[in-house]
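No lab work stands behind these numbers, since they all come straight from the coordinates. As the structure is a prediction and not an experimental result, all values here were calculated from the model. When we count neighbours, we look across all protein chains shown, and the Cβ atoms used for this are built from the backbone with ideal geometry, even at glycine.
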Amino acid sequence: MIWLWCLALLLILIVLIFLVEEFFNLIFRGYAPFVSSKNNVLDEAVSQFLSLDLPDNAKIYELGCGRAGFLRRLEKATKNQTEYKLVGVELIFPVYLLAKLQLLLVGSKIKIVRKNFLKMSLKDVDCFYCYLDGPTMARLSLKLKKEAKPGTILISNQFELPGYDPIEEIQVGPTQRLRIYKL
Ligand SMILES: C[S@@+](CC[C@H](N)C(=O)[O-])C[C@H]1O[C@@H](n2cnc3c(N)ncnc32)[C@H](O)[C@@H]1O
């Protein structure tokens, strides 16, 4: 019985940490909240990614990965066909933990790191996927202008990347839009 109480306390603690971190990120840092991309958008993003025909060993980052929906779909779609290096970056600890656990359970090779992507090196990446918000995209744009290698692809769910023109815009359903950029 005592272990049930411990488990309940642990779950409450994890939820509290999530709420505090999310509040802090939203109010004081102005970062995008935790909302998952819709399935139809992820399907279209993976299909657009595959049409780009990137090299087999390409490095692909999901920035603010949440539960790493894009990377998981991509891994499934390319199983045993490529050697893509798939990396998800997430700042909120409980979300990072959830993604790690889910990937561990399915034996995935996706790597999840708990970092602020605005404070880590984004050099040598071949493709980014992100679903953020306007202010975070503006900050990301400044960073990519300095760091990204020319030709890097960025697929954005919904939000524009200031300072760049998309090479393609795809309407997905009535309200969703994917924007593809070549940096
Ligand atoms: C809208 S959600 C998108 C989740 C996932 N990529 C998807 O498309 O389903 C944005 C995520 O980015 C994370 N995030 C926002 N700013 C971040 C930053 N600077 N560094 C790392 N993660 C960040 C949030 O915690 C949140 O989980």
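Data table
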| read-out | value |
| --- | --- |
| Options Arg29, Arg67, Arg73: the member that is over 20 Å from Leu104 (Cβ atoms) and within 13 Å of the ligand (Cβ to nearest atom) | Arg29 |
| The stretch 1-38, subset in contact with a Pro (Cβ under 9 Å, 6 or more places away or on another chain) and part of a loop (DSSP other than H, G, I, E, B), residue surrounded by the most Cβ atoms within 10 Å (Cβ to Cβ) | Tyr31 |
| Lone unmet requirement of (1) within 15 Å of the ligand (Cβ to nearest atom); (2) touching a residue at least 24 places away in the same chain (Cβ under 8 Å) for Lys119 | (2) |
| The stretch 146-164 - residue that is of a type in the set (D, E, K, R) and outside any loop (DSSP other than H, G, I, E, B) and, of those, nearest to Ser47 (Cα to Cα) | Glu147 |
